[in-house]
Amino acid sequence: MGKETAVEQIKKIEEELAHTQKNKATSYHLGQLKAKLAKLKRELLTPTSSGGGGPGIGFDVARSGVASVGFIGFPSVGKSSLMSGLTGTESVAAAYEFTTLTTVPGTLTVHGAPIQILDLPGIIEGAKDGKGRGRQVIAVARTCNLIFIVLDVLKPLADKAVIEAELEGFGIRLNKTPPNITIKKKEKGGIAITNTVPLTKITADEIKAVLSEYRMANADVHIRCDPTVDEFVDVVEGNRVYIPAIMVLNKIDAISIEELDLLYRIPNSVPISVKEWLNIDELLETMWEKLSLVRVYTKPRGAKAPDYTAPVVLKKDKCTVEDFCNAIHKDISKQLKHAMVWGTSVKHSRGQKVGLSHVLADEDVVTLVKN
């Protein structure tokens, strides 16, 4: 008998996990199994041999715009037609499967901000195991700021579950925030666990088992949430990406109003029709919210009105006056005396003097005053 492949080992562990009851006596063993599973999946996705095509190997795409949105979906769900309609970029669309065979970039302007749209080739079940071009597709998806999962309304939930499982298998966590856990290795003293909330989904034994599997015998573990074993493994692995996603439910022109009402109950979803171009405005507004972008307008000194034609677009977590200056030119912040700001980030409607650390809000107006 030859050596078991990683896929075979994964299957064996998944079967054992499914048949092992969780109790105090088995918790250490279960923790070990989950850690082994995560390691095997990582090895499968990041082969060390040449020609591997792990998460780092994607299609070469020149980046543009202030953010990127990746379109993922099974073949023939309308991804390419949606992209063509939004961007004017022709990603060859046809009514047969596997039309798009490489990543096609296009640009869409929303609220004055250029957003890059990436039409990724049709994903198939088993992508995370290296089938088809799945690895390259998901490698690009890992770098996106937002993912559109384009689904056919006639079978949205089944396809949604398959695609989410594929993305999860590649270390992509959709619409989730990273668990609030810190692990600090130390020289001696064993494993010390402190938690600020009660732990209901993971035991100390499972934590120790996971760390043991990663050869961590001495560490301080600080937990400020109630994680599952899988979420704890995610933190230990450290290579997970947390990306917002929108379920784009296409072909609503083929269903009834009652069915449409049911679709609206699916979290993080927007029902649309590419064929009839219905509800696209709502899709773009939801996209803007999920991208967490902030528009800031410039008002040159002495100008009567701000320039509303070309906003400086910043990320919500990086939108200080200093970030604003750096987005225009890296040397401006060094010469800045102060900035005058009008908008919701300041108290005074007539404008307010602020420094580099002031956090700007969407649609603020800024005048920079140099030394």
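The values are calculated or read from the model by the stated rules, or taken from the named source; none is laboratory data. As the structure is a computational prediction, the values presented were derived from the model and not from experiment. Here the Cβ positions follow ideal geometry from the backbone for every residue, glycine too, while neighbour counts run over all protein chains shown.
Brief remarks follow.
- For first residues located in the stretch 10-24 and at pLDDT 90 or above, partners that are loosely packed, with under 13 Cβ neighbours inside 10 Å and part of a loop (DSSP other than H, G, I, E, B) and lie 6+ apart or on another chain with Cβ distances below 9 Å form the pairs Lys12/Glu4.
- Those strands (runs of 3 or more DSSP E) lying entirely in the stretch 212-273 with at least 1 residues within 30 Å of Val140 (Cα to Cα): 241-243, 245-250, 269-271
- Of all residues in the stretch 193-211, those satisfying the criterion of being assigned to a loop (DSSP other than H, G, I, E, B), of a type in the set (S, T, N, Q) and surrounded by fewer than 13 Cβ atoms within 10 Å (Cβ to Cβ) are Thr196, Thr200.
- Inclusion of Val92 among residues that are at pLDDT below 90 and crowded, with 16+ Cβ neighbours inside 10 Å is not warranted.
- Criterion: modelled with pLDDT under 90 and over 26 Å from Lys36 (Cα atoms) - qualifying residue of Asp159, Asp129, Asp152: Asp159
- Residues satisfying the stated conditions in the stretch 75-89, i.e. more than 27 Å from Ala327 (Cβ to Cβ), modelled with pLDDT under 85 and either polar (S, T, N, Q) or crowded, with 18+ Cβ neighbours inside 10 Å (or both): Ser76, Ser80
- All told, Val270 falls short of being modelled with pLDDT of 95 or more and more than 30 Å from Leu146 (Cβ to Cβ).
- Filtering the stretch 159-192 to residues that are touching an Asp or Glu at 6+ places or on another chain (Cβ under 9 Å), in a loop (DSSP other than H, G, I, E, B) and not basic (Lys, Arg) leaves Gly171, Pro178, Pro179, Gly189.
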